[in-house]
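To start, the structure under review is shown below, and the notes come after it.
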Amino acid sequence: MTKQSTNRNILPIAVMFLLFFMIAFVTNFAGSMGVIVKNQFGASNAMSQLGTLANFIAYAVLGVPAGNILKRKGYKFTSLLAAAVGFVGVGIQWLSGPAESFGVYVLGAFIAGMSMCLLNVVVNPMLNTLGGGGKRGNQLVQFGGSLNSIGGTIAPILLGYLIGGEAAKASVGDAAPAMLIAMAIFLLAFVIIFFTKIPEPHLETGEAKKDAHSPLSFRHFVLGAIAIFCYVGVEVGIPNTANLYMSNDPVVGPAIAGTVVGLYWLMMMCGRLLGGAVGGKVSSKAMLSVASAIAIVLLLCVMFFPETWVITFKGVELPVSMIMMFCSGLCTSVMWGAIFNLSAEGLGKYTPAASGIFMALVCGGGILPFFQNLLADHTSYLLSYIVPIVALAYIFYYALWGSKNVNQDIPTE
């Protein structure tokens, strides 16, 4: 990517970075609500993740249609639609407080998830394209991911602060200020996007032609979509389960738990900044294989370090295993960009449709944490980390072997 093209693309890149922030803030807010749901509605660990599940199931429902919307209407229209839908979704979640209805909250989470799906369909291929694909494309996605991590860091800390020190007194009304902030972010984004000129490199004009192939014709893309399913489940499951584990400890409480979980997302931000800095020099394959291997080791430490091994944090004794938990954020930080980059490489004209399919598989962020906490209900919080460990093992396989493009004979122009 030349210096001239970089300067020309500064504003579109900045807009995509803002959208990345929104994705994490709203998504992680839904995950942190598990503590409130568990108390106010008497939910089990698994059912406390129902808002997160609804948020991510929206990806399965809207993923492919979102890719078609992007293809027919373009990046700007899709971004504006996403901001409007997000505003409505978070607004419904806010109304669930006065209505005292878990069902209304879940509906709002589902609608907000539709917005997150639309945003993800836009930002990843847009940043990859603005960077010219390859290492530079991965580098931009990694830098965008850093803004994503800032949103992810703020959400659990803010919610933990709003809940206070006792999970037993938590209610949806406590989270109202955070929801109003999220709605304001969506409104601001809508206005900025409306007045910003955004390139439309993949916009289809005229009648769509039938093609003998699709993104599913590429083995490395299919395996990469499965890797994204696993990755998002890992990224969400690690902190969500840790938040429940610590919040339900009467000595720790939601405020400290939210801060520690916020450190996980802060580590993800640091990792993405580092990944963005080295992304132009290190291949996505090397980055992903090393990160997944180290993450497996760290989660094994989370599972098997004795709970009697503690450190003092803000005057409270925390299990040492939780240090391994938030350190794993350094590893998960670079996985999204690396997997997307490897999966989209060589797809050409199939990229917009591929992005939609990709987003459908993001539903793993709701499904895997649900099953992880279902396992926690029947075993323990720490033993449930076997679920993300198995998912990381698949990601390691994809990095080393599954990411090779064996379908280079398919025309992509």
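The values are calculated or read from the model by the stated rules, or taken from the named source; none is laboratory data. These numbers were taken from a predicted model, which means no experiment stands behind them. Cβ: placed from backbone, ideal geometry, glycine included. Neighbour counts: every protein chain shown. Please note that ligands, DNA and RNA were not included when accessible areas were found on the heavy atoms of the full protein model with its side chains. Shrake-Rupley method; radii C 1.70, N 1.55, O 1.52, S 1.80 Å.
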Next on the checklist: I'd like the accessible area for residue 33: 1.4 Å probe, protein heavy atoms, all chains in place, Å² to the nearest 10.
Outcome noted: 0
Checklist entry - When the chain is treated as a GNM, springs tying every alpha-carbon pair under 10 Å, which of 195, 20, 77 comes out with the largest mean-square fluctuation? => result 195
Checklist outcome for this item: So the angle from the long Cα axis of helix 176-194 to the longest Cα principal axis of the chain, reported in degrees to the nearest 10, equals 10
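Nothing charged except the Cβ atoms of Lys and Arg (+1) and of Asp and Glu (-1): what's the magnitude of the dipole of the chain about its Cα centre? Round to the nearest 20 debye. Walk me through the intermediate numbers first.
Numbers: 20 positive and 15 negative charges, 253 e Å.
About 1220 debye.
Give, in nm to one decimal, the length gained when the segment between residue 188 and residue 308 is fully stretched (0.36 nm per residue of separation minus the Cα-Cα distance). Could the numbers behind the result be given before it?
On the way: separation 120, 0.36 × 120 = 43.20 nm, distance 4.71 nm.
Here the segment from residue 188 to residue 308 would lengthen by 38.5 nm.
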Checklist outcome for this item: Extension length gain for residue 197 and residue 84 (0.36 nm per residue less Cα distance), in nm, is 38.8 nm
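As a check on your grasp of the helix formula, calculate [θ] at 222 nm for the chain: sum -39500 (n - 2.57) over DSSP H runs of n ≥ 4, divide by the residue count, round to the nearest 500. Don't skip to the answer; put the middle values down first.
Working: 16 runs with 298 residues, N = 413.
It lands at -24500 deg cm²/dmol.
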Checklist entry - Between the helical axis of 134-163 and the dominant principal axis of the chain, each derived from Cα atoms, what acute angle in degrees is found, rounded to the nearest 10? => result 30
Checklist entry - With θ set to phi - 60° and the Karplus curve 6.51 cos²θ - 1.76 cosθ + 1.60, what are the ³J(HN,Hα) couplings of the stretch 69-85 in order, to the nearest whole Hz, using x for Gly and Pro? => result 4, 4, 5, 8, 10, x, 5, 5, 4, 5, 5, 5, 4, 4, 5, 5, 5
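Round to a whole number: what % of the accessible area of the chain belongs to carbon and sulfur, probe 1.4 Å? The partial results should precede the final answer.
Numbers: 10760 of 15680 Å².
So the carbon and sulfur contribution to the accessible surface is 69 percent.
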Checklist entry - For the chain, what is the accessible area per residue in Å² when the probe is 1.4 Å? => result 38
Checklist entry - Which angle between 0 and 90 degrees, to the nearest 10, do you get for helix 253-278 versus the longest principal axis of the chain when only C-alpha atoms count? => result 30
Checklist entry - How much length is gained on full extension from residue 270 to residue 14, taking 0.36 nm per residue of separation minus their Cα-Cα distance? => result 90.3 nm
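So how do 307, 200 rank on accessible area, 1.4 Å probe, biggest first, that is with the largest at the start? Before the final figure, lay out each step's value.
Numbers: 307 110, 200 65 Å².
Largest to smallest exposure gives the sequence 307, 200.
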Next on the checklist: I'd like the Karplus ³J(HN,Hα) series for the stretch 95-112: coefficients 6.51, -1.76, 1.60, θ = phi - 60°, whole numbers in Hz, and an x wherever there's a Gly or Pro.
Outcome noted: 5, 5, x, x, 6, 6, 10, 5, x, 5, 4, 5, 4, x, 5, 5, 5, 4
Next on the checklist: Under 10 Å, Cα contacts only: if you run a Gaussian network model on the chain, which one of 369, 199, 254 comes out with the highest mean-square fluctuation?
Outcome noted: 199
Item to check | Approximate spin-label separation residue 161-residue 283, in nm, with each point projected 7 Å along Cα-to-Cβ | outcome: 4.4
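Counting pairs of alpha carbon atoms under 8 Å apart in space and at least six apart in sequence, what relative contact order in percent does the stretch 319-413 give? Write out the running numbers ahead of the final one.
Values: 28 pairs, mean separation 33.4, N = 95.
Rounded, it is 35 percent for the stretch 319-413.
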Item to check | Relative contact order computed over the chain (Cα-Cα under 8 Å; 6+ residues apart), in percent | outcome: 27
Checklist entry - Near the amide H of residue 310, under 5 Å away, which other amide H atoms are found, from residues 5 or more places off or on another chain, if H is placed in the peptide plane? => result 320
